[in-house]
Amino acid sequence: MPTGLFHTRYEDDEKIFHTLWVRIWMWSFVLFLFLVFPFVASPLSGFFGFSVQHMANMIGIFIIGAHGLNLLTGFTGQISLGHGAFMGVGAFTSAILFMKAGWPFWLSLPAAGFVSAGVGMIFGVPSLRLRGLYLAIATMAAQFIIDYAMRNWTSLTGGSAGFNVDRPSIFGFALDTDLRYYYLILVLAIVSTLFLKNLLRTKTGRAMVAIRDRYLSAEIMGVNLFKYRLLAFGISSFYVGVAGGLFAHYNLVVSDEHFTMWLSIQYLAMVIIGGLGHVLGGIFGTIFMVLLPELLRIPTEILSNIYPNIFAIFGTLRELVFGLVIILFLIFEPDGLAARWHTIRAYWKLWPFSY
Amino acid sequence: MKRTRIFQWAWVVLVVTGLVFWGCAKKEAEPLKIGGIFDITGATSAVGKDYAQAAKDAERYINENGGINGRKIQLIANDYAYKIPEAVSLYKQYKDVDKVFVIQGWGTGDTNALKQQVNNDKIVYISASYDSNLNDPTKTPYNFYVGTSYSDAIRLAMKFVKDSFKEMFPDAGDRAPRVVFIYPDHPYGKAPIPAGKAMAKELGIEVGPDEIVGLRAIDATSQLLHMKEFDPDWAWVGGTTPSTSVVVKDSAKLNLRTKIISNVWGFDENLIKLAGEAGNERIYGMAPFAFWGEDVPGMKAAMEAAKKADPEGIHTVRYIQGWTAMMVMWEGLKRADKAGQLNGPGLKAALESLDNFSTGGLTAPISYTPTDHRPNTALRIFKMSDNKLVPVMSVSIEREDRFLGW
């Protein structure tokens, strides 16, 4: 009986689930999401006062996107302020192919990913030469260019009004309710998480991490900087593109308004708050960023019922508190929620004999 | 470990306050819930705040005056910051959690984004967007609004331009009037432009190149300089009061002779403050609603309700707009309840039974029919003169079928 985890082979070290217990926990969590959550979502909605099912769907969609940015920023060290726009490219691609070209959804959604990946790689080219703030500005240019295209290419995108999108069906199974759509999102979110986790254990993933840690050393070791940076941009944009496609068909409307600079920054906030360079970070950060505004709505709703005459102030207050909470989080949790999760886990692992 | 402590306590406090709030909220008896999607912090908040406040005050007024035949209402008012995704998310909450069948909504973009869903879910959606896209019941049977539609307003504006041309521009001789459309690149701004251009063409008005001035613009000089090349007699401005006042001030600065005529959301009492002297004899506005404090029978209740909520409060025509939307909904709900059909289709039918319903002079009488959701087609044109808003004339347009739905 070993008294701890002692890896004797590299394969063990690289395992996703180190112990049987972790594996059991993960499986039961997945089963919970599949079998139990949909049934508790509705009573939970009554408790919280917002649609829990809807929030879960939004979280699922944005987790996919946040994984994408995390791969790029957290694991490859390339900053991007254009991911909101890349998500828009995905959303419009899927919506246009589905609504106007009559493609089936199971083709239009991957197409959204690929078109997004293509666009992302084009705007990723400057990453060969630019780093840090300079790259941020270059990708911000992508945001503005794509924003402009979405807004003014009226024949294709419907201009600033956007256009309505129908709920799709996959192989005859209509995804017409939030619950049905939830399963699609859940499957894709799990697949994308597993893909990211596994990608990091491959040669490609290690090359990306090497570039992040010290690109000069990586280059000396024979890592092709351009290739991997571009690849990171591609995969990352693929992720947000798929998220965009899901988002479009879920919200039943696409317009450029969804995919502004603000969304790009929100994505960055998600991975930073969640924890850069942790797969869990994308998940935690997304949950935090999507749920917090909704949770803050509860007190504003109640306060505005108690004090109806100054209710307009509470709406403003909510935005203020949202900003404040983010600042506090960055101060007290600079390593992100994922790091906090690890500390909590370590604490309970040794409980009550922690020191 | 001290930081962790603080953090843990923060969590505890958060959870406890959350539970306390939740407990407070659950105590009251079951009133009839109404969804509210308002803009308090977004791009149109300058006009949205007062509208939302009115809706909230009207809730109290309705409850103090008998409610829905005795049953109270509860307006769940939320801010969506003029963002479509937020509106969609609020809509889901109202539909799935609060199970409402009527929503007081706001903007053109979000109302249009939701029109398909409200139709499927049979939820009556009363918007503050008077977009003509939403008044054809064959397409949007569950959308209602209480103000003269944007397209009818722009048609009336074109007619006014044409009819008053000789009188206002005596030097112009026999040439046709020239008009330019200035609007934000936003569903709200763009909605009535095709109607305006079609009407201008019909009336023989020359139309210059469009100019885009955003809702949050603080400068319109370059657009106006470009516009000057065409030298229009009139410029239609389809923004909100702050952006309209920017256009007004900048055209005064550039000494343009062009008169400006604004859509309903760009013309209210705040214009006097924001545009100042520049606005006098320059800015005209479409006014489907009575201004704050006007001497009409319906004004008294609104003013008293506002005073009760906040004795110091300063309000504008936006308050009347929100108030009217609530009053019309109230009438519909009462009728629906009497018919024993207090649900979405019942409210729709009840609203469609409104025939020349008087809002006490706050608007022209309102009628909806199952084939026509245009509330009315009459409004007044105001102008700013001597730092006051003064009426110019009352105008109305025939309820023609060819103008339905665009």
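Here, each number is a calculation from the coordinates, and none is a lab measurement. All of these numbers come straight from a predicted model, not from anything done at the bench. Positions of Cβ are generated from backbone atoms using ideal geometry, with glycine treated the same way; all protein chains shown enter the neighbour counts.
Some observations on this one:
- Between 0 and 90°, nearest 10: helix B:45-64 axis offset from chain B longest Cα axis: 50
- Among the trypsin sites (Lys or Arg not before Pro) found in region B:44-120, those both in a DSSP coil and sparsely packed, with 15 or fewer other Cβ atoms within 10 Å of their Cβ, are B:K99.
- If you run the Gaussian network model on chain A, springs between alpha carbon atoms under 10 Å, then out of A:A111, A:A161, A:A91 the most flexible one is A:A161.
- GNM flexibility winner over chain B from B:A172, B:A350, B:A58 (Cα, springs under 10 Å): B:A172
- Gyration tensor (alpha-carbon) shape descriptor, chain A, a/c threshold 1.5: rounded
- In nm, spacing of pseudo-spin labels at B:Q116 and A:T343 (7 Å Cα→C-beta vector): 4.7
- Peptide A:157-170 - average C-beta neighbours from other chains (10 Å radius): 3
- For GluC sites (Glu not before Pro), the sites in region B:306-396 that DSSP calls loop and that have at most 16 other Cβ atoms within 10 Å are B:E312.
- Given charges at beta-carbon only (K, R positive; D, E negative), |dipole| of region A:52-350 in Debye: 1000
- Among the chymotrypsin sites (Phe, Trp or Tyr not before Pro) in region A:65-161, those placed in a DSSP loop whose Cβ has at most 16 other Cβ atoms within 10 Å are A:W153.
- Average beta-carbon neighbours from other chains, 10 Å sphere, peptide B:108-118: 4
- Distance (nanometres) between label positions extended 7 Å along Cα→Cβ at B:H226 and A:L324: 4.3
- Taking Lys and Arg as +1 and Asp and Glu as -1, the other residues whose beta-carbon sits under 12 Å from that of A:R151 total -3.
- Among residues other than B:Q341 with Cβ under 13 Å from its Cβ, the summed charge is +3 (Lys and Arg +1, Asp and Glu -1).
- Backbone amide hydrogens, once placed in the peptide plane, bring B:S385 within less than 5 Å of B:E281, B:V390, excluding anything fewer than 5 places away on its chain.
- Cβ neighbours within 10 Å from other chains - mean over A:45-55: 6
- Cα-based shape type of chain B, given that a ≥ b ≥ c are square roots of the gyration tensor eigenvalues and the cut on a/c is 1.5: prolate
- Computed magnitude of the charge dipole of region B:171-254 (debye, nearest 20; Cβ of K, R +1, Cβ of D, E -1): 260
- Whole-number percent relative contact order across chain B, with pairs defined as alpha carbons under 8 Å at least 6 apart: 17
- Unit charges on C-beta of K, R, D, E only; dipole of the protein assembly as shown, Debye: 2080
- Its DSSP H runs of at least 4 residues, each contributing -39,500 (n - 2.57), put the calculated 222 nm mean residue ellipticity of the protein assembly as shown at -18000 deg cm²/dmol, to the nearest 500.
- Net charge of neighbours whose Cβ lies under 15 Å from the Cβ of A:L20, counting Lys and Arg as +1 and Asp and Glu as -1: +2
- Förster radius 30 Å - calculated FRET efficiency between A:E11 and A:L128 (Cβ-Cβ, nearest 0.05): 0.30
- Highest mobility in the GNM of chain B, judged by mean-square fluctuation with C-alpha springs under 10 Å and restricted to B:G340, B:G360, B:G107, is found for B:G340.
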